[in-house]
Structures are given as C-alpha cells and as structure tokens.
1. Residues of the stretch 18-45 being closer than 19 Å to residue 61 by Cβ and exposed (fewer than 14 other Cβ atoms within 10 Å of the Cβ), which ones?
2. Count, please, the residues in the stretch 84-143 that happen to be in a loop (DSSP other than H, G, I, E, B) and surrounded by fewer than 20 Cβ atoms within 10 Å (Cβ to Cβ).
3. Could you tell me whether any residue of the stretch 33-51 is closer than 23 Å to residue 141 by Cβ and part of a helix (DSSP H, G or I)?
4. When you check residue 25 against the structure, is it under 15 Å from the mean Cα position of the chain (by Cα) and under 30 Å from residue 112 (Cα atoms), yes or no?
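Readers should treat all values here as calculations from the given coordinates under stated rules, not as data from a laboratory. All figures in this text were calculated on a predicted structure; none of them were measured in a lab. So basically every Cβ, Gly included, is an ideal-geometry build from the backbone, and we count neighbours across all protein chains shown.
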C-alpha cells in the first residue's frame, strides 16, 4: 500500500478543517442559544455543560456526514454501522476534552461569563478535541488499510 503524500495529507487536513468549520458554527450557535436561554446557569447550575453536550451532539451529526462522505470519503468502508460507532466513540472522546476544558474554566477557576465559557469550550476545548479526533479518525476509523481489507473481503464474497 502506498503511503499518503504530503499533498494528500494537506488536502485532507483542509477538508477536515472545512467540515470542522461548519460543525463549529453549528456547535457554537446551538451552545450560545441554549446557554443564554433554557440552560442559563442562573437557572440551571450545570447549564453550560448541558448546553455544550447538546450542541456537540448536533455538531457530531453534521461532522459525521461531512467527514464520511468528503474528508475521508475515499477511505470509508462498507462496514458503515461499525464505522459510525467508531466515529461516535472518537467524537465523544473529543467532546469530553471540550467539556473538561469548560468544567475547569467555569467551575474550578470561576470564569463563568458567556465569553469565558466560549473561550474554554469553543476555542481551547475545540482545538484540543480536534487534534484528538483528527488523529483517531485518520489512523483508526478511516484508516486506508481497514477500508481496503473490507473492500477485498467484500469482493471475495461477491466472487464466491
């Protein structure tokens, strides 16, 4: 199997960033809408964490479509259900990174303004979580060898 070229990696990083940008807009918009309304910390103590959890789940769905069919499209396999579970597991790990940053900032350090919550969750947490997600999507969920094995196995079954 050929190793990906620097150009291919760069293209994949740009596509990942563009998909992530759409997810970021969705995530940040939903987070702020919820944090300033139904999950306002003045009414619900855990409001910022709940708002971030819901907004991230919505963004995960958006990112799933973009990454599966565009960023890692050539490497997706026919094992869609397993791939979806792996994608979800990696996405939840990334979400936990962001929630951890928000929790430390809001509840430990006492930075509890909407701006502070956005910086901790949607800047620092998102950046750290994105690094984790990209590495695991690329080297586990959408690894080219996994797609080739499944494709080869599927081809062998068809030939039988």
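1. Hits for the stretch 18-45 are 18, 21, 25, 29.
2. 6
3. Looking for residues that are closer than 23 Å to residue 141 by Cβ and part of a helix (DSSP H, G or I), one finds none in the stretch 33-51, hence no.
4. Here the answer is yes, as residue 25 does meet what is asked.
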